[in-house]
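Accompanying notes for the structure given below.
The values are calculated or read from the model by the stated rules, or taken from the named source; none is laboratory data. Bear in mind that the values here come from a model prediction, so they are computed numbers and not experimental data. Reconstructed Cβ throughout: ideal geometry from the backbone, glycine too, with neighbour counts over all protein chains shown.
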Amino acid sequence: MLSEDELREIEEQIATSYDARAACIPAMRVVQAHRGWVSDEALQDLARLLKMTPEELDGVATFFNLIFRHPVGRHVLKVCDGAVCWALGSQSLMEHLEQKLGVKSGGTTADGRFTLLPICCVGDCDHGPAMMVDDKLVRNVTPEMVDELIESGGEVGE
Amino acid sequence: MERVLSRNIRPGQAPPTLREYEAGGGYSALRTAVTQRTPEDIVGLVLDSNLRGRGGAGFPTGQKWANLPPAGESTRPRLFIANLDEMEPGTFKDRYLVEGDPHQFIEGMLISMYACQTEMGYIFIRAEYLEPVGRILERALGEATEAGYIGRSILGSSWGCELHVHMSAGRYMCGEAMAILNALEGKRAIPRTKPPYEVTSGAWGLPTVVNNVETLCCVPHIVERGPDWFRSLGRARDAGMKIYGISGRVKRPGSYELPMGTTLRELLEEHAGGMLGGYQFRAALPGGASTMFLDSSEMEVPLEFESLKDIHCYFGTGTAIIVDDRTCLVGTVHNLQQFYARESCGWCTPCRDGLPWIEKLYRDFEEGRAQPGDPELVAELSHHIHGNTFCALALGAVAPIESSLRKFRGDYEEHIRQQRCPWRERH
């Protein structure tokens, strides 16, 4: 069941869209903002609101890299694997994170704190290697910065 | 050298507020356009300016606008999409422009919408740009709406418009001009058959213009200072200024506004300060991942659409990726193929099935399993993709393959001979 807040925010999105279906990405983003991922149940509720079949909506959901159809941790760490970050050491950064968190790329830590993912070039090649912590961009990442980030539980300083 | 597109941009500082932007002459081009010029006048100015799309394809912007069906014949509304889905690897120019001067982009979009006689605009932004680009843009849109630049009867004219921000959810394919229409409609972002082109039948079947952000940023300056001035800015055959980018192991990676037609040598040596100590230049992808490698003998070629076309290369987004002598070139292409294989939308078989196979062959090179004949196989597979897909992104995917096989064949042979990546320990 979608919560009242979710429903209200989704209705707002639909009201400003060309038609209901056009609001499907914003609507799924609303659900993700509230609960981190889009479950089968949420998908079915959303499909009704968006006047789509659940299959159609799942087709869209699974097309996009940043709509999560599996549960994710409280923070999603995304390491840029664009060509420039790769040359500047993003691979060893990923390995460092895997070791530190004890999960492979794509996995979520047992305590549910972190999910680790690769991400396409984030358009910050002049400050590589780069990564994202949830929606925040972190530039010129070093292993020390990663250690600090994990110890602080995923908080990114300004 | 006069800065045009980046004149208000101060990296590390907050972008100009509406008042600051106006104090520097901002929004006067919009005022001129909607109060003193007809939409046709603006299309004419942009046609004369020789402005070409900065998203990669280089299509003449004025021509795209002129291809819209005549406004009088149809009551169908027209749509306008600003493409801020900047996902080309190695590219960060649109981020730089919107983060640094959001009002310049908004003004450019508004004038362009007026020229195209459209009242409904969408800014299509990639999810990863939510912070800070998206937040900066939202704030600027709020200011511009409050000041009456967005809304009904703008600046006392009979023209008004609505602007919506569409935050995407991460998929390279969405940047393609036809796929972006499907994405906006709430569908999987796959390409469409052309014709009809989007200017005739775009999102929801309505005439739709899709322009890149940097293209739109040029428009206020063309209106303000005229097409002759704009054309005169270019150093070779293409017009205007360009936000070049440069990254890799160079001393000062970043964005540099320079006249269209600046050479790679000048960009690298004068502006980016040359290579980092201990590294030599080996190759460059001049305009993002989907372009052909240039080698050290091609550093004097003007970086622009026409001159690069002469040497069978794409200009792309104009943001150069520099490959140094201690980075494996075959490994770089492998990284790119991982990206393309992962991001292929899956609509066309040659791209959907060919790219993963190519990626596997590159992995063999990198992990010491490549066999004689593999370079030929890679070439054959990329040949099957070339020209056999609905969209042009597949052409971009094979551009670095074909050019590296031609110019750096020895690197491939060394991987086969040594049965390992000879660069692995050199990083």
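With the checklist (1) among the hydrophobic types (A, V, I, L, M, F, W, C); (2) under 15 Å from the mean Cα position of the chain (by Cα); (3) closer than 25 Å to residue A:62 by Cα in hand, flag the one item residue B:213 doesn't pass.
Of the numbered conditions (1) among the hydrophobic types (A, V, I, L, M, F, W, C); (2) under 15 Å from the mean Cα position of the chain (by Cα); (3) closer than 25 Å to residue A:62 by Cα, the odd one out for residue B:213 is (3).
Mind telling me which of the residues B:138, B:99, B:88 ends up being surrounded by fewer than 24 Cβ atoms within 10 Å (Cβ to Cβ), in the same structural domain as residue B:207 (by TED's automatic domain parsing) and in contact (Cβ under 8 Å) with a residue 40 or more places away in the chain?
Values: B:138 fails: in contact (Cβ under 8 Å) with a residue 40 or more places away in the chain; B:88 fails: surrounded by fewer than 24 Cβ atoms within 10 Å (Cβ to Cβ).
Within the list B:138, B:99, B:88, the selection yields B:99.
Please report, ordered by residue number, the helices (runs of 4 or more DSSP H) entirely within region B:122-227 with at least 3 residues that are charged (D, E, K, R).
Working: elements: B:135-146, B:179-184, B:213-225.
Result: B:135-146, B:213-225.
From the list B:362, B:340, exactly one residue is touching a residue at least 40 places away in the same chain (Cβ under 8 Å), within 28 Å of residue A:65 (Cα to Cα), surrounded by 24 or more Cβ atoms within 10 Å (Cβ to Cβ) and not assigned by TED's automatic domain parsing to the domain that holds residue B:251. Which is it?
Values: B:362 fails: touching a residue at least 40 places away in the same chain (Cβ under 8 Å).
When all the criteria are applied, what remains is B:340.
Out of all the residues in region A:86-99, is one or more within 18 Å of residue B:92 (Cα to Cα), more than 18 Å from the chain's Cα centre (by Cα), outside the structural domain of residue A:26 (by TED's automatic domain parsing) and part of a loop (DSSP other than H, G, I, E, B)?
Yes: one or more hits.
Looking only at region B:261-282, count every residue that is crowded, with 23+ Cβ neighbours inside 10 Å and of a type in the set (Gly, Ala, Ser) and tell me the total.
1
Can you pull out every residue in region A:1-23 that is surrounded by fewer than 18 Cβ atoms within 10 Å (Cβ to Cβ) and polar (S, T, N, Q)?
A:3, A:16
If residue B:77 satisfies all but one of (1) surrounded by fewer than 22 Cβ atoms within 10 Å (Cβ to Cβ); (2) over 19 Å from the mean Cα position of the chain (by Cα); (3) modelled with pLDDT of 95 or more, what's the number of the condition it fails?
(3)
Restricting region B:179-193 to residues that are surrounded by fewer than 24 Cβ atoms within 10 Å (Cβ to Cβ) and in contact (Cβ under 8 Å) with a residue 60 or more places away in the chain, which is farthest from the other protein chains (Cβ to nearest Cβ)?
Ranking the candidates gives B:193 first.
Of the residues B:305, B:281, only one is within 17 Å of the chain's Cα centre (by Cα), at pLDDT 95 or above and of a type outside the set (Ser, Thr, Tyr); which?
Working: B:281 fails: within 17 Å of the chain's Cα centre (by Cα).
Checking each option against the conditions leaves just B:305.
Taking region B:8-30 as the search range and keeping residues that are at pLDDT 95 or above and in contact with a Ser or Thr (Cβ under 9 Å, 6 or more places away or on another chain), which one is nearest to residue B:148 (Cα to Cα)?
B:22
I'm trying to understand the selection: among the residues of region A:31-60, which are within 11 Å of another protein chain (Cβ to nearest Cβ), outside any loop (DSSP other than H, G, I, E, B) and surrounded by 15 or more Cβ atoms within 10 Å (Cβ to Cβ)?
Passing the criteria: A:32, A:50, A:56, A:57, A:58, A:60.
For region B:59-85, how many residues are aliphatic (A, V, I, L, M) and part of a loop (DSSP other than H, G, I, E, B)?
Restricting attention to region B:59-85, the residues satisfying the condition of being aliphatic (A, V, I, L, M) are B:66, B:68, B:71, B:79, B:81-82, B:84.
Adding the requirement that they be part of a loop (DSSP other than H, G, I, E, B) leaves B:68.
Residues flagged as aliphatic (A, V, I, L, M) and part of a loop (DSSP other than H, G, I, E, B) within region B:59-85 amount to 1.
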